[in-house]
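Okay, so here's the structure we're looking at.
Each value in this text was obtained by applying a stated rule to the coordinates, not by laboratory testing. In this text the structure is predicted, and so the values were computed from the model without any measurement. Reconstructed Cβ throughout: ideal geometry from the backbone, glycine too, with neighbour counts over all protein chains shown.
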Amino acid sequence: MSLLQRCLSGGVPLRLISLRRVRTTSITYGSLVPFKLSDIGEGIAEVQVKEWHVKVGDRVNQFDNICEVQSDKAAVSITSRYDGVIKKLYYNVDDVAKVGQPLIDIELDDDVEVPSSIKQEKQEPANISSVEDSAASIRHKHEKKLATPAVRRIAMESKVNLLDVAGSGKDGRVLKEDVLRFLGQISKAPSNTSYTPHTSSASISKGEFQAGTLKDDEIVPVRGYTRAMVKSMSEALKIPHFGYNDEINVGRLVELRDQLKHISRERDIKMSYMPMFIKAASLALARFPMLNASADEKFENIIYKASHNICIAMDTPGGLVVPNIKNCEQRNLWEVAEELNRLHEAGKRQQISREDLIGGTFTLSNIGAIGGTYASPVIFPPQVAIGAIGKIEKLPRFDAAGQVYPASLVKVSWAADHRVVDGATMARFSNLWKEYLENPMLMLSELR
Ligand code: COA
């Protein structure tokens with residue numbers, strides 16, 4: 001069956017139906033076509049190639065994953081729109097690929113009908129605009145279940161709809177074991193929400209070099225998440241920041257977290273301190289909406305946001321990225337923790353979706369997960385406030401009876417846009433946030 005016939009038979013996503021409008025040639029083709037990187041939208045002109053899933057000589061079918069690319073906004077999977085053999089990869093991992101330029105050359109299988117625009121493209125590679133259908137080859141994450149042709153065949157023969165199967169592979173790819181597990185032929189998989197412990201301080205991480213290994217200057221191109229950081233932090237320079245710091249006694253919070261540990265194991269949801277910091281912030285924002293706000297372009301109106309889409313500064317192998325947990329005001333502690341777990345896992349794979357990156361309204365940065373006491377956080381525009389949390393430490397303090405005791409303390413450093421927020425408002429907000437954390441029962445009593 002030809003590609004066009006498959007489209008018209010209704011078995012493929014709607015976007016391919018646009019091929020109806022494309023002139024096709026019905027000759028047996030079996031020849032080389034350049035597969036161009038098409039428009040991803042959002043004005044993205046170039047992307048960084050993060051990973052190839054194919055190499056020269058590999059056979060691919062339609063919808064097989066070709067590669068992962070990363071723009072400064074999101075990670076995107078590129079899938080094949082042809083059956084054929086890969087003849088050339090135009091880029092190495094980490095190269096920047098330009099939208100509209102060839103990504104791979106693919107030798108089509110026989111009996112494939114090819115849009116005449118693609119045939120033309122072979123003679124006129126510079127004529128980018130003539131490729132009207134190539135957008136169909138780009139699929140943002142989760143639009144379709146990823147699986148190899150072999151797994152698709154097993155699913156088809158077993159009459160299993162892949163959309164019903166939870167994929168345990170990279171990016172949710174459905175593996176053979178997932179289908180067999182779905183059919184009850186093998187036992188349940190270990191949960192994929194299990195947590196990878198933080199790298200120990202002895203190991204080498206991003207931005208760190210083994211002592212003495214750098215013999216010459218090294219040029220490191222600014223790519224991916226770091227590009228986004230350049231843009232947003234340059235923008236942030238325009239904001240008049242003011243800072244406010246305080247100390248919070250988190251002794252009861254530490255106890256609460258200990259008490260929640262067994263539920264955490266049962267539910268397979270990691271409960272770190274962060275969901276508590278986030279939930280307390282959301283409760284405090286409900287009373288101080290001017291901190292969950294942004295100004296319009298001319299600074300004539302301030303928009304108080306109804307949703308508490310709390311951004312989390314996240315340290316990932318690709319650099320700082322700031323996804324947000326949507327509608328924290330509607331989520332309980334476990335739901336916030338579950339979202340944080342999901343984003344943290346996606347961040348480790350550098351595969352945070354665009355949806356998770358847009359629409360943030362307020363930011364928290366738990367730099368204390370790495371270390372440090374105080375920070376001077378920089379506002380994430382167009383937001384108006386950010387908080388940086390230091391490391392929880394045991395330090396001596398006086399109790400009510402004047403006795404010294406080992407207190408669990410953490411410092412918070414707030415920064416706010418002084419055009420929108422004044423110092424007194426910031427201090428009141430911080431006091432309320434602190435109250436929820438020092439008396440977690442108060443926080444829990446307010447949860448839905
Ligand atoms: N003080 C002491 N311990 C802390 C802590 C803090 N402030 N924050 C986290 N920890 C502990 C956690 O409880 C966990 O310990 P455990 O394994 O015994 O439970 C451990 O440190 C690792 O925590 P982590 O896995 O990082 O989880 P988290 O939910 O607390 O934080 C992130 C998640 C994404 C916020 C965090 O990993 C991160 O990336 N922080 C860096 C943010 C950053 O770079 N900011 C700078 C922006 S310019």
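Tell me, what HN-Hα J-couplings in whole Hz come from the Karplus equation 6.51 cos²θ - 1.76 cosθ + 1.60 at θ = phi - 60° for each residue of the range 387-402, using x for Gly and Pro?
In residue order, the calculated couplings are x, 10, 10, x, 7, 6, 10, 8, 9, x, 9, 8, 8, 4, 8, x Hz.
Along the range 437-448, what does the Karplus equation 6.51 cos²θ - 1.76 cosθ + 1.60 (θ = phi - 60°) give for ³J(HN,Hα), rounded to whole Hz, x for Gly and Pro?
Each residue's phi maps through the Karplus curve to give 7, 7, 10, x, 4, 4, 5, 4, 5, 9, 7, 7 Hz.
So, in Å, what gap is there between the alpha-carbon centers of the range 343-413 and the range 54-93?
Computed from Cα coordinates, the inter-centre distance equals 38 Å.
Within the set of other residues whose C-beta is less than 14 Å from the C-beta of SER408, count the net charge using Lys and Arg as +1 and Asp and Glu as -1.
Surrounding charge for SER408 is +1.
Karplus couplings for the range 49-54 from phi (6.51 cos²θ - 1.76 cosθ + 1.60, θ = phi - 60°), rounded to Hz, Gly and Pro as x?
6, 8, 7, 9, 9, 10
Residues with beta-carbon under 13 Å from that of SER264, excluding SER264: net charge, scoring Lys, Arg +1 and Asp, Glu -1?
Its environment carries a net charge of +1.
Near TYR90, within a Cβ-to-Cβ distance under 12 Å, what is the net charge of the other residues, with Lys and Arg +1 and Asp and Glu -1?
+2
If each residue of separation counts as 0.36 nm, what is the full-extension length gain between VAL254 and ALA407 once their alpha-carbon separation is subtracted?
Between VAL254 and ALA407, full extension yields an extra 54.0 nm.
Under a point-charge model restricted to the Cβ atoms of Lys and Arg (+1) and Asp and Glu (-1), what is the dipole moment magnitude of the range 251-383 relative to its Cα centre, in debye to the nearest 20?
Around 260 debye, computed over the range 251-383.
Over 5 Å intervals from 0, what percent of Cα-Cα pairs in the range 290-433 sits in each interval?
Result returned by the calculation: 2, 9, 15, 19, 20, 15, 10, 6, 3, 1, 0.
List ASP217, ASP417, ASP164, ASP72 from most exposed to least, where exposure is judged by having the fewest other Cβ atoms within 10 Å.
The order, fewest Cβ neighbours first, is ASP217, ASP164, ASP72, ASP417.
Using the number of other C-beta atoms within 10 angstrom as an exposure proxy, rank TRP433, TRP414 with the fewest first.
Fewest-to-most Cβ neighbours within 10 Å comes out as TRP414, TRP433.
Counting pairs of Cα atoms in the range 364-448, how many percent are more than 19 Å apart?
Every Cα pair in the range 364-448 considered, those over 19 Å come to 52 percent.
Tell me, LEU180, LEU214, LEU103 in order of fewest to most beta-carbon neighbours within 10 Å?
Fewest-to-most ranking of LEU180, LEU214, LEU103: LEU214, LEU180, LEU103.
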